[in-house]
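Taken together, the values in this text are just the output of simple stated rules run on the coordinates, not laboratory data. Note that the coordinates shown come from a computational prediction; the quantities given were computed from them, not determined experimentally. Glycine gets a Cβ as well: all are built from the backbone with ideal geometry, and neighbour counts include every protein chain shown.
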Amino acid sequence: MKVYLDNSATTSVDPAVVKEMLPYFEQVYGNASSFYSFGREAKAALDKSRETVAGILGAKADEIFFTSGGTESDNLAIFGSLSAIGKKGHIITSKIEHHAVLYSFEHLEKMGYEVTYLNVDKNGSVSVEELEKSIKDNTLLVSIMHANNEIGTLQPIKEISTLLSNLNNARKDKIYFHTDAVQTAGKVPIDVKDLDIDYLSLSAHKFNGPKGIGVLYVKRGSAISPIMYGGHQENGLRSGTENIPYIVGLSKALELSAHSMASNSQTIARLRDKLQLGIINKIPEVLINGNPAKSIPNILNASFRYIEGESLLARMDAKGISASAGSACATGSLSHVLAALGVNPVDIQGAVRFSFGHNNTEADVDYVLEVLPEIVAGLRKMSPLWKGK
Ligand SMILES: *Cc1c(COP(=O)(O)O)cnc(C)c1O
């Protein structure tokens, strides 16, 4: 049996999405910037996709920019806003951001920006009070993710934007606000006007769309400059020939996921809770990391104490189960997210992230619960830490 439980790393492309994309490879292959009919048809698909995405997010079409994915959207929001602001100053993020944000801030720190990395509590929540205390006269940008990709914790984005807009009323220099919503799209509703943010990043492959295509929402009037120069596509913000099949695929995937979000989220949460309960009942010495009650519905992060997560993952893989140690991009190093939560290093080593998608079934959970206790017991038998406890 094969069980895929790494949907926070990536998802399968929905067959309906593939079907929607196919004509744009061989039939409607024109360049959307060309004036003749092949180009006009591609342009029509581009415009329609932009309208669809804008409609779902509560944005205007001219606030939607297509990029190559979550990483580029995060980089464009951060470097593009600061470039438009045009002066150095203080910027704020959290210690548990995805590396696309965290390493961008570390780079900016080396370039002379002053950076605050906010702590999180043991559930992974940023404190709005701590954020408020960290703000300075020269603060330019705040970037806090919507939900974390290792533990699923949802951040108080609306409270933060309310705080910032109150502060901005009395400031000379506006503080801009970006959120990486790559993990939330398709799992919780996103309305950019309600969240009241300046920039929001999405990536199609996290919601059953293709890899290599994403969106950056930029509020009308918010500071933004390009970080790449070329053919002036995407209203000059993101040059490069538009990837029409993938843009069409992203728009279809977002439409499908928005449409079935309520029922999918319910099913997925039930499967996750069943796995959590089963693990706790069948396996001693397990810690649940984060707080599933304050999280997106699809992530369960558990530390199997006294063994190494990597060995556990390898043995699960041998039984056909795909899960991960947290972040697909951080293999080999200890999770910076769990460290920020205050999880002790030994328990970080024993951490495994199970992340569900809409293809998972009860049978998947039953199978994991059937093989996992034996694997854990086997590894513990060989573990000096287990024997010595
Ligand atoms: C996956 C992910 C990204 C990166 O998106 P890509 O499309 O793979 O570049 C960024 N942020 C978060 C929270 C993610 O989960």
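Taking a quarter of the surface of the Cα convex hull of segment 106-165, what do you get in nm²? Could the numbers behind the result be given before it?
Values: hull surface 18.7 nm².
Result: 4.7 nm².
Principal axis extents for the chain, Cα atoms only, whole Å, descending order, please.
69, 54, 33
Treating the beta-carbon of each Lys and Arg as +1 and of each Asp and Glu as -1, no other charges, what is the dipole magnitude of segment 204-273 about its Cα centre, to the nearest 20 debye?
Working: 8 positive and 4 negative charges, 36 e Å.
Value, rounded to 20: 180 debye.
As a test of the formula, what do you get for the chain when each DSSP H run with n ≥ 4 contributes -39,500 (n - 2.57) and the sum is divided by the residue count, at 222 nm and rounded to the nearest 500 deg cm²/dmol? Write out the running numbers ahead of the final one.
Working: 15 runs with 168 residues, N = 389.
When only DSSP H runs of four or more count, the value is -13000 deg cm²/dmol.
Hey, got the Cα dimensions of segment 250-389 along the principal axes, in Å, largest first?
52, 32, 26
Rounding to the nearest 10 and keeping the result within 0 to 90°, find how far the Cα-based axis of helix 309-318 lies from the longest principal axis of the chain.
It is inclined by approximately 90 degrees.
Determine, for segment 1-160, the count of lysine pairs separated by eight or more sequence positions (or lying on different chains) whose alpha-carbon distance falls under 23 Å.
21
Among Gln266, Asn75, Ser383, which residue has its Cα positioned farthest towards the positive end of the charge dipole of the chain, with +1 placed on the Cβ of Lys and Arg, -1 on the Cβ of Asp and Glu, and the dipole taken about the Cα centre?
The residue sitting most towards the positive pole is Ser383.
If the cut-off is 14 Å between C-alpha atoms, which aspartates and glutamates fall inside it for Lys211, apart from same-chain ones fewer than 8 positions away?
Asp14, Glu72
HN-Hα J couplings of segment 138-150 from phi, Karplus 6.51/-1.76/1.60, θ = phi - 60°, integer Hz, Gly and Pro as x?
Here the 3J(HN,Hα) series is 9, 5, 10, 8, 10, 10, 10, 5, 6, 9, 6, 7, 9 Hz.
Of Asn298, Gly112, Val286, whose Cα points farthest to the positive end of the dipole of the chain (charges on the beta-carbon: +1 Lys, Arg; -1 Asp, Glu; origin at the Cα centre)?
Among Asn298, Gly112, Val286, the one farthest towards the positive end of the dipole of the chain is Val286.
How large is Rg over Rh for segment 189-241, taking Rg from the Cα atoms and Rh as the Kirkwood inverse mean of 1/r across Cα pairs? Write down the numbers at each step before the final one.
On the way: Rg = 12.8 Å, Rh = 12.7 Å.
Using Cα coordinates only, the ratio equals 1.01.
Quick one: plug the Kirkwood hydrodynamic radius of segment 306-376 (C-alpha pairs) into Stokes-Einstein at 25 °C, 0.890 mPa s, and report D in µm²/s.
Details: Rh = 13.0 Å.
In µm²/s, the coefficient rounds to 188.
Rounded to whole Hz and in sequence order, give me ³J(HN,Hα) for segment 230-236 from the Karplus expression 6.51 cos²θ - 1.76 cosθ + 1.60, θ = phi - 60°, writing x for Gly and Pro.
Ordered by residue, 3J(HN,Hα) equals x, x, 6, 5, 6, 6, x Hz.
In segment 40-196, if every C-alpha pair distance is counted and binned at 10 Å from zero, what percent goes to each bin?
In whole percents, the pair-distance histogram is 10, 38, 36, 13, 3, 0.
Over 22 Å, how big is the tail of the calculated P(r) for segment 8-131, in percent of all Cα pairs? Don't jump to the answer; show the numbers that get you there.
On the way: 4390 of 7626 pairs.
So the pairs more than 22 Å apart make up 58 percent of the total in segment 8-131.
How large, in Å, is segment 204-299 by the Kirkwood hydrodynamic radius built from its alpha-carbon pairs?
On the way: mean 1/r = 0.0589 Å⁻¹.
Kirkwood radius, segment 204-299: 17.0 Å.
Compute, for the chain, the length of the dipole vector about the Cα centre, with Cβ point charges of +1 (Lys, Arg) and -1 (Asp, Glu) only. Units Debye, rounded to 20.
Details: 39 positive and 42 negative charges, 68 e Å.
The dipole of the chain has a size of about 320 debye.
What is the diffusion coefficient of segment 3-79 in µm²/s, taking the Kirkwood radius over Cα pairs and the Stokes-Einstein relation at 4 °C with a viscosity of 1.567 mPa s?
Details: Rh = 14.9 Å.
The diffusion coefficient I find is 87 µm²/s.
With θ set to phi - 60°, apply the Karplus curve 6.51 cos²θ - 1.76 cosθ + 1.60 along segment 49-65 and write out the HN-Hα couplings as whole Hz, x wherever there is a Gly or Pro.
For segment 49-65, the Karplus-derived couplings read 4, 5, 4, 4, 4, 4, x, 5, 8, x, 10, 8, 4, 6, 9, 10, 10 Hz, x marking Gly and Pro.
Once you have the alpha carbon radius of gyration of segment 331-372, what is it after dividing by 2.2 N^0.38 Å, with N set to its residue count? Intermediate values should be presented prior to the final figure.
On the way: Rg = 13.8 Å, N = 42, 2.2 N^0.38 = 9.1 Å.
Against the compact-globule rule of thumb, the ratio is 1.52.
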